[in-house]
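Right, one structure below, let's go through it.
The values are calculated or read from the model by the stated rules, or taken from the named source; none is laboratory data. Please read all numbers here as calculations on a predicted model, not as lab measurements.
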Amino acid sequence: MQRKIVNLPFLAFLAVVLVACASQPTAESPLVGSKAPDFTLDDALGGQVSLSEYQGTPVLLFFHMAVG
């Protein structure tokens with residue numbers, strides 16, 4: 001009986017977390033073949049690069065998340 005009482009608060013907490021995560025708005029993904037939205041990012045040399053600078057040329061985007 002003691003074990004069921006201990007699990008009840010944990011299950012209630014888990015339910016609250018799941019509901020909170022499910023209610024967060026998510027960004028809608030663009031459709032395949034549609035025009036990508038323009039954005040600007042910092043380059044490796046400290047400058048900025050905008051996607052619109054490459055309009056009309058094929059672009060391969062590679063996003064790398066550094067660890068540490």
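What to note about this one:
- Qualifying residue in region 33-46 (condition: modelled with pLDDT of 75 or more, part of a helix (DSSP H, G or I), over 16 Å from the mean Cα position of the chain (by Cα) and not polar (S, T, N, Q)): no
- Test set (1) modelled with pLDDT under 75; (2) not in a loop (DSSP other than H, G, I, E, B) - residue 66 fails condition number: (2)
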